[in-house]
1. Just need the Rg to Rh number for segment 130-174, please, alpha carbons only, Kirkwood Rh.
2. Can you show me the helix-derived [θ] at 222 nm for the chain, built from DSSP H runs with n ≥ 4 at -39,500 (n - 2.57) apiece and divided by the number of residues, rounded to the nearest 500.
3. Which angle between 0 and 90 degrees, to the nearest 10, do you get for helix 2-18 versus the longest principal axis of the chain when only C-alpha atoms count?
4. Over every pair of different alpha-carbon atoms in the chain, take the mean of 1/r and invert it; report that Kirkwood radius in Å.
5. For a protection proxy built on the mean count of beta-carbon atoms within 10 angstrom, sort 123-133, 89-99, 53-63 highest first, please.
6. When only C-alpha pairs under 8 Å and at least 6 residues apart count, what is the relative contact order of segment 30-117, in percent?
7. Would you mind checking the tilt of helix 172-183 against the longest principal axis of the Cα atoms of the chain, expressed as 0 to 90 degrees and rounded to 10?
8. Just need the relative contact order of the chain here, percent rounded to a whole number, with Cα pairs under 8 Å and 6+ apart.
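None of the figures in this text is laboratory data; all of them are computed from the coordinates on show. Bear in mind that the values here come from a model prediction, so they are computed numbers and not experimental data. Cβ atoms come from the backbone with ideal geometry, glycine included; neighbour counts cover every protein chain shown.
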């Protein structure tokens, strides 16, 4: 009986950890914390490993810079990826594909074990907004969970799809205006 209770407690504890709720960071905090905010397109993906753990290294073309230096191409590193038959998926880290476009909130990835310098997104998918065209407008959908896929697959009006995505969704032009507003110097 004691073993059954111990196993049940362990299973319930694991479910609690797996279902942990993470509070999203306010947009103003992401804007102020990021060293670079850019619009980018993923051109190429490679895999790096660190102590056997795969990391996806994306080479991206920067089309617009809202904060920081305008440098292109840019390298973006996220945890997870495929090495041989092993696939590592990191909760909160989006799966990148060549051709995808994002509005990205970036900080340097200063892991000294990697030979090439790169950037990382703010809180993994929280700092990446997938750019999706719908109803003649470009929408920025926060790349947390499957929100970009749900928004893209939704057949309702874009505003209704945004409400059902389960993440922050805004028209790209509105989101860029909010970023510029936060970055604007205050009155002197």
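1. We get a ratio of 0.89 for segment 130-174.
2. -8000 deg cm²/dmol
3. Computed tilt is about 10 degrees.
4. Over the chain, the inverse of the mean reciprocal pair distance is 18.1 Å.
5. In decreasing order of mean packing, 123-133, 89-99, 53-63 become 123-133, 53-63, 89-99.
6. In percent, rounded to a whole number, it is 36.
7. 80 degrees
8. 17 percent
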